[in-house]
1. Yes or no: the range B:152-173 includes at least one residue that is among the aromatic types (F, W, Y) and touching a residue at least 60 places away in the same chain (Cβ under 8 Å).
2. Considering only the range A:250-270, state which residues are touching a residue at least 40 places away in the same chain (Cβ under 8 Å) and either surrounded by 18 or more Cβ atoms within 10 Å (Cβ to Cβ) or on the phi > 0 side of the Ramachandran plot (or both).
3. Could you list all residues from the range B:58-84 that are within 11 Å of ligand 2 (Cβ to nearest atom) and either within 24 Å of B:K212 (Cα to Cα) or within 12 Å of another protein chain (Cβ to nearest Cβ) (or both)?
4. Please go through (1) open to solvent by 50 Å² or more (accessible area, probe 1.4 Å); (2) within 16 Å of the chain's Cα centre (by Cα); (3) within 14 Å of chain B (Cβ to nearest Cβ) for A:A295 and return the number of the only condition it doesn't satisfy.
5. List every residue pair whose Cβ atoms lie under 9 Å apart, where the two residues are 6 or more positions apart in sequence or sit on different chains, the first residue falls within the range B:47-75 and is in a helix (DSSP H, G or I), and the second residue, located anywhere, is within 10 Å of ligand 1 (Cβ to nearest atom) and of a type in the set (S, T, Y).
6. For the range A:179-212, give me each residue that is open to solvent by less than 10 Å² (accessible area, probe 1.4 Å) and more than 12 Å from every other protein chain (Cβ to nearest Cβ).
7. Exactly one of (1) part of a helix (DSSP H, G or I); (2) surrounded by 11 or more Cβ atoms within 10 Å (Cβ to Cβ) is unmet by A:I44. Its number?
8. Can you pull out the residues in the range B:190-214 that are within 12 Å of chain A (Cβ to nearest Cβ) and surrounded by 18 or more Cβ atoms within 10 Å (Cβ to Cβ)?
Amino acid sequence: MNTEKPSPPSARLDAAAIAELIRTGKRKELVFAILGVFCLAIAILTLTAAFLSLLLDGWSRIRPEFFVNFPSRRAAEAGILSAWVGSFMVLIVTMVAAVPLGVGAAIYLEEYGQKGGWIKDVIEINVTNLAGVPSIIYGLLALGLFVYYFKFGQSVLSAGLTLALLILPIVIVATREALRSVPVHIREAAYGVGATRWQMVSQHLVPYSAGGILTGIIIGLARAIGETAPVITIGALTFIAFLPPSPISTEPPFLNFDWLFSPFTVLPIQMFNWVSRPDSSFHASAAGAGLVLLAMCLAMNALAIYIRYQVRKKIKW
Amino acid sequence: MVTSSQARAATPAVETQHYKAEVRNLNFYYGSFHSLKNISFKLEANKATALIGPSGCGKSTLLRCFNRLHDLYPGNRYEGSIVLLPDNVNILDRKVDPIEVRMRIGMVFQKPNPFPKSIFENVAYGLRVRGMNNKTELADRVEAALKGAALWEEVNHRLDDLAFNLSGGQQQRLCIARALATDPEILLFDEPTSALDPIATSSIEELIQDIKHKVTILIVTHNMQQAARVSDYTAYMYLGDLIEFGVTSELFVKPKDKRTEDYITGRFG
Ligand SMILES: Nc1ncnc2c1ncn2[C@@H]1O[C@H](COP(=O)(O)OP(=O)(O)OP(=O)(O)O)[C@@H](O)[C@H]1O
Ligand SMILES: [Mg+2]
């Protein structure tokens, strides 16, 4: 203990040395900035080009008839009625299945799972890896499980559940992030006045993180609406000239669930079908459907950003 | 004030009705880290007891034993007991539900931590947790609590405003109102003024004096002047040990232990 280390020489620099240091630092910064702008430009230009070509090819199709016509053998008359209605119905099933499952699982993992318990670890690893599984694998799983085992058939229900599985990890991860952003001192405030865990979760955690949770759900749904591979795998039809039965009926009980078991198609599959035709006038229809799909995705993402912005404005920790 | 408490402390008789709680041989562990070492002392009813000591000595840890907040995190372990009087229950007993303890013992935290809800809902929350839903009863109690926390005059015209729009000092008084609304037997304060300016600080200190007649107070503070101003008893802690416990005026004037003396004369810590 007695052998004291000699103190190192002073680290003080003179003005010239400091200026030189700053200059080298700035130079490196500039190189990096230029490189960054270049990479960004490539990404943005490609995206813009793709969007413009879609717009150029498909804009002529964006007319009211396009939305109310069934697909047809004549390109000029072909519309996306069955496709967008199908997409919409599938999305509803996806939402109804994925939201409670995903939010529930996330709440369990964050708040109830024994910290450090092995069950939690196993689930955690699975959830994180689930997000990386190729979507066609989900299609195969769903084909066996929903279509054949549960005998839901090649239906709206099967497709919705498949996509729900697919976006479950997205919803879970986003919900966990949102729950985690509620600070510890707010949790302790609730527990401090005698709240039970469930009261803390339902009256504080979930309402305060609702913006983040909602954002996660919407981003998940935006992903689901564009998925093609798993929906083809479970057997969506590529040419459908009828609508699923209406969910609302005039006679009691007024609600009708036959639509769940109806054959269907969705927007990306309709596009795929049109693109693969030799007749190039169908390619314009495909571009038009692509525009609609893109607009829906962008609108959903914009909604997510808007909600997040509103919530941030209201709740600042 | 001080003379009466001195007189009472001087009488050796352990008349239980004078005490609100007794800490007996309390040990606390964060996992394997032994954070509180064999602590024993008594809290006199309707008095303020201050916990002082250098950073990291275990003041907050001790305070948070009183409402079992440590139960929220895995790996924490209590030994010994904190007996609530006069009913003689050991609130550290595993059979005692921590929620019951927190319903009886309120807490005010270091950083004001109102919920992102309205002023009214913040104060009403503890009552709602207890199943109270009657509108007029809630309104009456919220008003009483806000008056008790000297905040009513400032907020009565905007009870529906978001609590986040209040100033820091107002937020802290709101948190005190939230704790007072449920009429706790003991109120715990963990450095309640360390995030506040001098004016807000003195209003909180006054408040603590004012509420003593209905609630027993245990307060952690870094500020020895504050301990001298607000408390009747003071406990000096160092590295997880309770070094000295006594009547505040005596402990500050003639400490018995050398370490206490060094700390309060500012020679370290
Ligand atoms: N969650 C925890 N896990 C492990 N050790 C902890 C934890 N919280 C506190 N400690 C340790 O316990 C000891 C007491 O901490 P405590 O927070 O009670 O100190 P304090 O007296 O309140 O200090 P301060 O005045 O800085 O708030 C410290 O050594 C600290 O590092
Ligand atoms: Mg502390």
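1. Let us first name the residues in the range B:152-173 that are among the aromatic types (F, W, Y), namely B:152, B:164.
Of the ones still in play, those that are also touching a residue at least 60 places away in the same chain (Cβ under 8 Å) are none.
Within the range B:152-173, not a single residue is among the aromatic types (F, W, Y) and touching a residue at least 60 places away in the same chain (Cβ under 8 Å).
2. Keep residues of the range A:250-270 that are touching a residue at least 40 places away in the same chain (Cβ under 8 Å), which gives A:259-270.
If the condition is that a residue be touching a residue at least 40 places away in the same chain (Cβ under 8 Å) and either surrounded by 18 or more Cβ atoms within 10 Å (Cβ to Cβ) or on the phi > 0 side of the Ramachandran plot (or both), then A:W259, A:L260, A:S262, A:F264, A:T265, A:V266, A:L267, A:P268, A:I269, A:Q270 are the ones that fit.
3. Taking the range B:58-84 first, the residues within 11 Å of ligand 2 (Cβ to nearest atom) are B:58-64.
Of everything in the range B:58-84, those that are within 11 Å of ligand 2 (Cβ to nearest atom) and either within 24 Å of B:K212 (Cα to Cα) or within 12 Å of another protein chain (Cβ to nearest Cβ) (or both) turn out to be B:K59, B:S60, B:T61, B:L62, B:L63, B:R64.
4. (3) is the only condition that A:A295 fails.
5. B:K59/B:T221; B:T61/B:Y30; B:T61/B:S35; B:L62/B:S35; B:H70/B:Y30; B:H70/B:T61
6. Applying the first criterion (open to solvent by less than 10 Å² (accessible area, probe 1.4 Å)) to the range A:179-212 yields A:179, A:182, A:186, A:189-190, A:192, A:194-195, A:200-201, A:204-205, A:209, A:211.
Those that are open to solvent by less than 10 Å² (accessible area, probe 1.4 Å) and more than 12 Å from every other protein chain (Cβ to nearest Cβ): A:L179, A:V201.
7. For A:I44, the failing item is (2).
8. First, pick out the residues of the range B:190-214 that are within 12 Å of chain A (Cβ to nearest Cβ): B:190, B:195.
Passing the criteria: only B:D190.
The values are calculated or read from the model by the stated rules, or taken from the named source; none is laboratory data. Nothing here was measured: the structure is a model prediction, and the numbers come from that model. Virtual Cβ from ideal backbone geometry, glycine too; neighbours counted across all protein chains shown. Heads up: the accessible areas ignore ligands, DNA and RNA and are worked out on the full protein's heavy atoms, side chains in. Shrake-Rupley method; radii C 1.70, N 1.55, O 1.52, S 1.80 Å.
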